[in-house]
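*Asks:* One structure follows; several queries about it will come next.
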Amino acid sequence: MKCPSCEFDNPTTEAFCRRCGEKIHYVRSEVEGSLLSKAEFRDANDLEEQMRSFLVIAIAAFLLSCTIKYTFGKSGWPKPVEVPSSGLTASYSTYRYYYTEPPVKAVLAPPAGN
């Protein structure tokens, strides 16, 4: 709101001019317009902050899911091996190699003193 005596642009929350100290008489439409623009600005900032928070949470959830899958998921080893066939069709055969632990035999130590 502009001061009537010095034309200084004061915020609508001030009752007196910041430059000359003159009492400012507000018009209702100017106050409403100023308050509405402040509310719209505040809403836009709140929406932007919410979008940033959502983006940070989404990225954190994605990284967490990738970490969990990498840590606890199937390792994919050994991977299948494709070997060309020797036939006329020249297709590929897929072989999977599986590793199994050999059985462990319990070996008893001879008694001490023999």
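The values are calculated or read from the model by the stated rules, or taken from the named source; none is laboratory data. Owing to the predicted nature of the structure, the values given are computational and were not obtained by experimental measurement. Here Cβ is always computed from backbone atoms with ideal geometry, including for glycine, and neighbour counts include all displayed protein chains.
*Asks:* Are any residues in region 12-55 in contact with a Ser or Thr (Cβ under 8 Å, 6 or more places away or on another chain) and in a loop (DSSP other than H, G, I, E, B), and if so, which ones?
*Replies:* Thr12, Cys17, Cys20, Glu22, Tyr26
*Asks:* Right, something else. Please verify whether Thr71 is part of a helix (DSSP H, G or I), within 23 Å of the chain's Cα centre (by Cα), surrounded by fewer than 10 Cβ atoms within 10 Å (Cβ to Cβ) and of a type in the set (Val, Ile, Thr), treating the condition exactly as stated.
*Replies:* yes
*Asks:* While we're on this one: Out of region 1-28, which residues are exposed (fewer than 13 other Cβ atoms within 10 Å of the Cβ), more than 20 Å from Ala39 (Cα to Cα) and among the aliphatic types (A, V, I, L, M)?
*Replies:* Ala15
*Asks:* Now for a different question. List pairs: first residue in region 5-30 and free of Cβ contacts under 8 Å to residues at least 12 places away in the same chain, second residue surrounded by 12 or more Cβ atoms within 10 Å (Cβ to Cβ) and outside any loop (DSSP other than H, G, I, E, B) anywhere in the structure, Cβ distance under 7 angstrom, at least six positions apart or on different chains.
*Replies:* Asp9/Lys2; Lys23/Phe16
*Asks:* Does Arg52 fit the bill of being at pLDDT 90 or above and of a type in the set (D, E, K, R)?
*Replies:* It is true that Arg52 is at pLDDT 90 or above and of a type in the set (D, E, K, R).
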